[in-house]
Each structure stands twice: as C-alpha cells, then as structure tokens.
Amino acid sequence: MWVGVCFFGLGMSATFPTIMALTNRYVNLAGKAMSVFFFGTMIGATLFPLVLGVITTEQAPVQFMILIFCMKVVESFVSLGYLFTGPAITDETFEKQ
C-alpha cells in the first residue's frame, strides 16, 4: 500500500503544475480566476483525506488503490479536456464579464 502512496504522490506532483500551465496558456489566471482555481484545488485537497479515511476504515485498504486509480482517470480526462477545448476559450471570454 505504501508503494502505491509513493507512486500517487509522484503522479500528483507532475499533474498539478501541468494543469496550471495548460490553464494559464488559454485563460489569463490572475485575480478572481486564480482565486477560484485555487479554492477548488484546496477543497479537493481537504476532502480527499476525509474520503480516504472513511473508505479505508469501513472497507478493505485495497479500496484505496481503486480510489487512486479512479482519481487518475478523472485527472486524465480533465487534462485532455483542457487540451481539446482550451483553444476555444480566450481572454476575450473573461474580458466581457
């Protein structure tokens, strides 16, 4: 299990900066946009240990690995979403607001 935790940490260390770079390429992340982005990030970082604790105490610790796999799949789709829909979002979208 601890080997899985180490690999999860290594995977997450590359995922967050990559998503930040891709987002900043298509959307000007300054001011309110940056605060909303980090607010969502911190909510996820706060809820993950809670969900993890509930899953590992009520079910087998193997469920932890399934949860990590599901999170990585979701993160992959989010990253692909940024790649394919990013050019449609421009700075003009946020300047109109």
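Could you please find all residues in region 63-81 being farther than 20 Å from V3 by Cα and either exposed (fewer than 11 other Cβ atoms within 10 Å of the Cβ) or modelled with pLDDT under 70 (or both)? Reasoning before the result, please.
Just the residues of region 63-81 that are farther than 20 Å from V3 by Cα, to begin with: 74-81.
Within region 63-81, V74, F77, L80 qualify.
Output the residues belonging to region 1-22 that are in a helix (DSSP H, G or I), in contact (Cβ under 8 Å) with a residue 60 or more places away in the chain and not aromatic (F, W, Y). Steps first, please.
So the first thing to find is which residues in region 1-22 are in a helix (DSSP H, G or I), and the list is 2-22.
Filter again for in contact (Cβ under 8 Å) with a residue 60 or more places away in the chain, leaving 4, 8, 11, 15, 18-19, 22.
Passing the criteria: G4, G11, T15, T18, I19, L22.
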Q. Which pairs have Cβ atoms under 9 Å, sit 6 or more apart or on different chains, and link a residue in region 29-41 that is in contact (Cβ under 8 Å) with a residue 12 or more places away in the chain to one that is assigned to a helix (DSSP H, G or I)?
A. A33/T23; A33/F94; F37/M20; F37/T23; T41/F16
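Residue by residue through region 28-47, note down the ones that are small (G, A, S) and under 13 Å from the mean Cα position of the chain (by Cα).
Residues of region 28-47 small (G, A, S): 30-31, 33, 35, 40, 44-45.
Within region 28-47, G40, G44, A45 meet the criteria.
The values are calculated or read from the model by the stated rules, or taken from the named source; none is laboratory data. All values derive from a computational prediction rather than experimental measurement. Neighbour counts run over all protein chains shown; Cβ positions are idealised from the backbone, glycine included.
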